[in-house]
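Quick notes on the structure that follows.
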Amino acid sequence: MTSLSWSTPAPGGGRRPQGAPMGHAAMRSANMSLLLRVLRSRGGSSRAALAQETGLSKAAVTTLVGELAERGLVQEGRVERRGTVGRPGTEVRLDGRRVAGVGVELNVDYLAVCLRDLAGEVRFTSSIPMPSQAGPGPDGARSHPPALVIDRAARQVQEALDVAAAESLWIAGITVAPPGPIDYAASTVRFASTLGWEAVPLGEELARRLGPDHPELALENDAKLSALAEAPRLAQRGIEDLVYLTGDNGVGAGIIAEGRLIRGWSGFSGEVGHIGVEPGGEPCRCGRRGCWETLVGLDRVLAVLDPQDPALSALVPMQERLARLRTLLEEGDPRLLQRFSALAEDLVRGAGVLMDVLNPRALVLGGYFGYFADVLVGPVQAALDARLLADGGRVEVSGSSHGLFAAAVGGAAVAVERVLENPMLAPTVPR
Ligand SMILES: [Zn+2]
């Protein structure tokens, strides 16, 4: 078993200080949480085995399992056939189908929503191009006013909540992923350079639109959520140190070290797009020159196409735009072939720095890098191997397993985790 923590508390988040006294209700909740975690990692288990595993008495396990069943979190399974003497035990299983979380990703190119249950099954998903309006200037640059974006996001979330209600799912929480650093205490996006946002009270504005009865809502950075979504796949193989790189017009990193998400003291960890890799290079959104994302941002790839190419249109869904790029690449478009062969090299210019600083065992390519994993993973792996200082430091490169909308999947997974932290949040199920 690995000690992967999905729900590292946010800076300033309220977690009981170590050693503080625990009330009866808190103790019961903690023990229920322990049972759920054992059931999740073990699958089904008898009450006796649960008692043995957790150190709780059999009587306590029976009471707690009863309460978990009332809340629809566990169910009685098949009878165990042990082939030994004595009464066969009834198996208790995690019931992952009644509780779900919602993840929302705001990206410069799209708005995606995912409804995922405790069992990890995606029950509903939707995505639309990022709402925008034409700018006033002669270049017609499109902008993303917060009110317009949040209105549309609220409608998409409501759609997911309606699906959940129709399927009798209880929603443990909603996690929203904006593409930039977050002020966790204020539920505000500090800035998102790709959207042109600064100090946007996203949490409050979205909550207001969802009405007074909305589920608990939290913000988390897109790359961090994508890393959390990917972590279980790697943890199964004992890998607890990973860097997830998400690529769109900007580049972000989600860092998991020793099984824990690293936020940094103010939540700014992983803002890697502005690592300087080319002194005196192209001007960047941030005002400096030669930042990593001026070399590997998606807009840099798109810039080699004809201005009229549909892959450039912000009004076309992202998957179609990327599919168009793939078609051109497969047809041997020389501009794209050249760009992609340089892209792997440019990726390593920044990724190499991250590997030296963080020494992860896995590097996961997400966003559009992940969409083109078949083209990029090989060359990136080879280039990183070539610059290794010692044999022990090799990193394993792979593409994201949750596709383009990994942050929404991760957001839903993090939201539903609230119920594993505190099972008493789940309402009792009417019989
Ligand atoms: Zn920059």
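The values are calculated or read from the model by the stated rules, or taken from the named source; none is laboratory data. Predicted model only: the values in this text are computed from it and were never measured. Because the Cβ atoms are built from the backbone with ideal geometry, glycine has one as well, and the counts that use them run over all protein chains shown. Protein only, heavy atoms only, side chains kept; ligands, DNA and RNA dropped before computing areas. Shrake-Rupley method; radii C 1.70, N 1.55, O 1.52, S 1.80 Å.
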> For residues in the range 265-323 being farther than 30 Å from SER126 by Cβ and charged (D, E, K, R), which is nearest to the ligand (Cβ to nearest atom)?
Replying inline: ARG288
>> So, in the range 313-337, how many residues would count as being of a type in the set (S, T, N, Q) and within 13 Å of ASP299 (Cα to Cα)?
In response: 1
> Does GLU417 fit the bill of being within 19 Å of ALA227 (Cα to Cα) and at pLDDT 95 or above?
Replying inline: no
>> I'm told ARG190 meets every condition in (1) of a type in the set (Lys, Arg); (2) in a helix (DSSP H, G or I); (3) out of contact with any helix residue (DSSP H, G or I) (no Cβ under 6 Å at 6 or more places or on another chain) except one. Can you identify the failing condition by its number?
In response: (2)
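Yes/no matrix, rows are residues, columns are (1) more than 16 Å from GLY410 (Cβ to Cβ); (2) modelled with pLDDT of 95 or more:
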residue: LEU94; (1), (2): yes, no
residue: ALA100; (1), (2): no, yes
residue: LEU115; (1), (2): no, yes
residue: GLU121; (1), (2): no, no
residue: ARG142; (1), (2): yes, no
residue: ILE182; (1), (2): no, no
residue: ALA192; (1), (2): yes, no
> Listed residues VAL429, VAL377; which is buried (at least 20 other Cβ atoms within 10 Å of the Cβ), of a type in the set (Val, Ile, Thr) and either modelled with pLDDT under 95 or out of contact with any helix residue (DSSP H, G or I) (no Cβ under 8 Å at 6 or more places or on another chain) (or both)?
Replying inline: VAL377
> How about the range 48-79: which of its residues are under 27 Å from ALA172 (Cβ atoms), open to solvent by 60 Å² or more (accessible area, probe 1.4 Å) and over 34 Å from the mean Cα position of the chain (by Cα)?
Replying inline: THR62, THR63
> From the list ALA119, ALA165, ALA160, which one is assigned to a helix (DSSP H, G or I), open to solvent by 60 Å² or more (accessible area, probe 1.4 Å) and closer than 30 Å to ASN422 by Cβ?
Replying inline: ALA165
>> Being among the aliphatic types (A, V, I, L, M) and more than 26 Å from the chain's Cα centre (by Cα) narrows it down to one residue among LEU315, LEU347, LEU322, LEU305; which is it?
In response: LEU305
> Within the range 230-243, how many residues turn out to be open to solvent by less than 10 Å² (accessible area, probe 1.4 Å) and closer than 24 Å to VAL102 by Cβ?
Replying inline: 2
> Tell me, which helices (runs of 4 or more DSSP H) lie completely within the range 319-428 with 3 or more residues that are more than 19 Å from ILE256 (Cβ to Cβ)?
Replying inline: 334-358, 373-386
> Which of the residues belonging to the range 244-261 are surrounded by fewer than 22 Cβ atoms within 10 Å (Cβ to Cβ) and outside any loop (DSSP other than H, G, I, E, B)?
Replying inline: ALA257, ARG260
>> Take TRP170 and tell me if it is of a type in the set (Phe, Trp, Tyr), open to solvent by 50 Å² or more (accessible area, probe 1.4 Å) and in contact with a Pro (Cβ under 9 Å, 6 or more places away or on another chain).
In response: yes
>> Quick check on PRO201: is it in contact with a Ser or Thr (Cβ under 9 Å, 6 or more places away or on another chain), within 16 Å of the ligand (Cβ to nearest atom) and either within 21 Å of SER266 (Cα to Cα) or touching a residue at least 24 places away in the same chain (Cβ under 8 Å) (or both)?
In response: no
